[in-house]
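The values are calculated or read from the model by the stated rules, or taken from the named source; none is laboratory data. These numbers were taken from a predicted model, which means no experiment stands behind them. Positions of Cβ are generated from backbone atoms using ideal geometry, with glycine treated the same way; all protein chains shown enter the neighbour counts.
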Amino acid sequence: MTMLGPAPTSTSTHEVTNQPPPLVGHDVADDAALLEGVVREGAGWHLEDLHRVGRQAGTAEAQQWGVEANENEPRLLTHDRYGNRIDEVEFHPSWHRLMEVAVAEGLAAAPWADNRVGAHVARAAGFYTWSQVEGGHGCPISMTCAVVPALRLQPDLAAVYEPLLASRVYDPGLRIPTTKRGLLAGMGMTEKQGGSDVRANTTTATPAGDGTYRLRGHKWFTSAPMCDLFLVLAQAPSGLSCFLVPRVLPDGSRNTFRIQRLKDKLGNRSNASSEPEFDGTVAWLVGEEGRGVRTIIEMVSMTRLDCVIGSASLMRQATVQAIHHATYRSAFGGRLLDKPLMQNVLADLAVESEAATTLMMRLAGAVDRAHAGDPQEQAFKRLAVAVGKYWVTKRAPNVAAEALECLGGNGYVEESGMPRLYREAPLNSVWEGSGNVNALDVLRAIAREPESVEAFFTEVARADDPRIAAVAAALQTELASVEEASARRVVERLALVLQGSLLVRHAPAVVADVFCASRLSGDWGHAFGTLPRGLDVVSIIERAAPR
């Protein structure tokens, strides 16, 4: 057979052009809003360590850990080869690498053993930075940090376990807790018949006569079941109470912690979330019997802060990916980054991300100072954390979706990493109380703790800006008679006025002006990229770009 015409070259159709290079080799912590917040909130001493974490987070190796931990999901092993019940969860090695770094960098309970001013701020900044690699492993890290203030209500237990929870050594595997070099903690609150309404729990706690209790019941959503210890809510003779449940008892035997199944979740695939069953499970009372919610509330406050941090981290990562793509991708005769409409979108995303990061750092500072004994900061924290948790976690899915779209079809493909961010984005709005639960908690604080309202608006007024003052005055009037049906709208406005105040005080004027014009004045559309005309959007993008 005779071939007509020249033979085609085998590679001519596969030459890759006009594609951005991988975003690797950068310092994830080189984030102006983050670094300024770290110094402002009292943890300037942490900058060198933070940059070290940031450089590791920017490596191809760390990013591959995140991919592998999600592609190779946890596997439930209910029995060993001989038929013995073991109730263990097997993780990919990359999960363990992520956990090793997080614990070693003090992102778990280490701040509780650090007396330096700003210890919780430093931890928040590190958690924000390292979570940009992968969000799922942050769950046990977060709970381990949050369990300490609740555990301190039972000093004898805290004396035994707190030093190990505060350890910087990741020591996986189920063994007698006091024989390990470091511990992780989780919590078991919700049940299928009640969800966030924990007073509807039916798990029972019966005194055993030796200072311990025996639990019987089924928990609906207990994440990270391979933690060493859990705080669990159960109905004791005097009412709902908080208990410490170790996976392994002091004599080396396995406590009854039957994992019925792992949840098949939308995102957060690297992290195991389970349904454990208690049947004669040994537990120790934490706090007073009948005051379980009050005992565990400080833990919830800490994990809600981590919801804000995690969502701000995700928003930052999504925004950075969008800017990076637009910097290297050309279309319609020029770079995407130079197109006015794309600039408008990217600047809008950058402002949203900076507002979340700035609020996150202020909340971390409040936590740090509140635990040091500052009553004003304690009052501010009470309301501001609930407000921030509601709003920042609500914004994360919007940011993830818009940033994904900036990558076009590439962003819809798993290899880009954007689909994982998109699936992860709604999590923090659900965890630790959905939007309605948080909004109602804000109303509860307004009604019962007027000092928290006063502290909140004192903070807002520090901006000394007429745009902020007008919104704040209207809100204060509205709070006098707010009803449940209006809770979400009110909490949204509280969040926006607080973010606006913080940006006016601490961000470049152009960032604050864009935020106030597009979030407070009404001169904006409902989609990202609908900013008012005449703003210096290029400088906003440059401030947010990865370096």
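The residue that is farthest from the chain's Cα centre (by Cα), counting only those in the stretch 160-196 that are buried (at least 19 other Cβ atoms within 10 Å of the Cβ) and over 29 Å from residue 220 (Cβ atoms), is 167. Among the conditions (1) of a type outside the set (A, V, I, L, M); (2) modelled with pLDDT of 95 or more; (3) touching an Asp or Glu at 6+ places or on another chain (Cβ under 9 Å), residue 295 misses just one, which is (2).
Considering every residue within the stretch 18-32, establish whether at least one is outside any loop (DSSP other than H, G, I, E, B), on the phi < 0 side of the Ramachandran plot and either in the same structural domain as residue 279 (by TED's automatic domain parsing) or at pLDDT 95 or above (or both). Yes, the stretch 18-32 contains a residue that is outside any loop (DSSP other than H, G, I, E, B), on the phi < 0 side of the Ramachandran plot and either in the same structural domain as residue 279 (by TED's automatic domain parsing) or at pLDDT 95 or above (or both). The C-beta contact set for the stretch 478-494 (first residue at negative phi and in contact (Cβ under 8 Å) with a residue 40 or more places away in the chain, second residue aliphatic (A, V, I, L, M) and assigned to a loop (DSSP other than H, G, I, E, B), distance under 7 angstrom, 6+ apart or interchain) comprises 490/482.
Residues that are in contact (Cβ under 8 Å) with a residue 60 or more places away in the chain, of a type outside the set (A, V, I, L, M, F, W, C) and over 17 Å from residue 516 (Cα atoms) within the stretch 324-350 comprise 324, 325, 327, 328, 329, 330, 343, listed in sequence order.
Does residue 161 count as part of a loop (DSSP other than H, G, I, E, B) and within 21 Å of residue 142 (Cα to Cα)?
On the way: part of a loop (DSSP other than H, G, I, E, B): no; within 21 Å of residue 142 (Cα to Cα): yes.
Spelling it out, it is not the case that residue 161 is part of a loop (DSSP other than H, G, I, E, B) and within 21 Å of residue 142 (Cα to Cα).
Is it the case that residue 195 is at pLDDT below 95 and farther than 21 Å from residue 364 by Cα? For residue 195, the condition - at pLDDT below 95 and farther than 21 Å from residue 364 by Cα - is met.
For the stretch 249-298, what are the residues that are among the polar types (S, T, N, Q) and either crowded, with 20+ Cβ neighbours inside 10 Å or within 17 Å of residue 186 (Cβ to Cβ) (or both)? Explain how you work it out, then say what you get.
Step one: list which residues in the stretch 249-298 are among the polar types (S, T, N, Q), which gives 253, 255-256, 260, 268, 270-271, 273-274, 281, 295.
If the condition is that a residue be among the polar types (S, T, N, Q) and either crowded, with 20+ Cβ neighbours inside 10 Å or within 17 Å of residue 186 (Cβ to Cβ) (or both), then 255, 256, 260, 268, 270, 271, 273, 274, 281, 295 are the ones that fit.
Condition check ((1) farther than 23 Å from residue 485 by Cβ; (2) of a type in the set (Phe, Trp, Tyr)) across all residues:
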position	(1), (2)
415	yes, no
421	yes, no
424	yes, no
431	yes, yes
444	no, no
447	no, no
456	no, yes
460	yes, no
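For the stretch 67-116, name all the residues that are within 20 Å of the chain's Cα centre (by Cα) and more than 17 Å from residue 224 (Cβ to Cβ). Of everything in the stretch 67-116, those that are within 20 Å of the chain's Cα centre (by Cα) and more than 17 Å from residue 224 (Cβ to Cβ) turn out to be 67, 104, 105, 106, 110, 111, 112.
Test residue 149 against the criterion of being part of a loop (DSSP other than H, G, I, E, B), modelled with pLDDT of 95 or more and in the same structural domain as residue 277 (by TED's automatic domain parsing), and give yes or no. Break it down stepwise before answering.
Numbers: part of a loop (DSSP other than H, G, I, E, B): no; modelled with pLDDT of 95 or more: yes; in the same structural domain as residue 277 (by TED's automatic domain parsing): yes.
Here the answer is no, as residue 149 does not meet what is asked.
Scanning the stretch 89-96 for any residue that is crowded, with 24+ Cβ neighbours inside 10 Å, closer than 18 Å to residue 304 by Cα and in contact (Cβ under 8 Å) with a residue 40 or more places away in the chain turns up nothing. If you go through the stretch 482-512 and pick out every residue that is surrounded by fewer than 17 Cβ atoms within 10 Å (Cβ to Cβ) and in a helix (DSSP H, G or I), you end up with 5. The single condition among (1) within 20 Å of residue 363 (Cβ to Cβ); (2) in a helix (DSSP H, G or I); (3) not β-branched (Val, Ile, Thr) that residue 474 does not meet is (1).
Could you say which residue among 295, 281, 303, 319 is polar (S, T, N, Q), part of a helix (DSSP H, G or I) and more than 24 Å from residue 391 (Cβ to Cβ)? Spell out the reasoning first.
Values: 281 fails: part of a helix (DSSP H, G or I); 303 fails: more than 24 Å from residue 391 (Cβ to Cβ); 319 fails: more than 24 Å from residue 391 (Cβ to Cβ).
On inspection, the qualifying residue turns out to be 295.
Given the residues 122, 43, 113, which is the only one that is surrounded by 16 or more Cβ atoms within 10 Å (Cβ to Cβ), among the small types (Gly, Ala, Ser), over 19 Å from residue 316 (Cα atoms) and not assigned by TED's automatic domain parsing to the domain that holds residue 354?
Values: 122 fails: over 19 Å from residue 316 (Cα atoms); 113 fails: surrounded by 16 or more Cβ atoms within 10 Å (Cβ to Cβ).
The match here is 43.
Checked against the criteria, residue 89 does not count as in a helix (DSSP H, G or I) and either touching a Ser or Thr at 6+ places or on another chain (Cβ under 6 Å) or not acidic (Asp, Glu) (or both). Based on this model, can you work out whether residue 139 counts as touching a strand residue (DSSP E or B) at 6+ places or on another chain (Cβ under 6 Å), under 30 Å from residue 63 (Cβ atoms) and part of a helix (DSSP H, G or I)? Yes: the conditions hold for residue 139.
Against the definition (assigned by TED's automatic domain parsing to the domain that holds residue 359 and over 19 Å from residue 495 (Cβ atoms)), how does residue 303 come out, yes or no? Talk me through it step by step, then tell me what you get.
Working: assigned by TED's automatic domain parsing to the domain that holds residue 359: yes; over 19 Å from residue 495 (Cβ atoms): no.
No: the conditions fail for residue 303.
Between 239, 195, 217, 188, the distinction of being in contact with a Phe, Trp or Tyr (Cβ under 8 Å, 6 or more places away or on another chain), among the small types (Gly, Ala, Ser) and farther than 15 Å from residue 277 by Cα belongs to 195 only. Inclusion of residue 267 among residues that are of a type outside the set (Val, Ile, Thr), touching a residue at least 12 places away in the same chain (Cβ under 8 Å) and either touching a strand residue (DSSP E or B) at 6+ places or on another chain (Cβ under 7 Å) or in a loop (DSSP other than H, G, I, E, B) (or both) is warranted.
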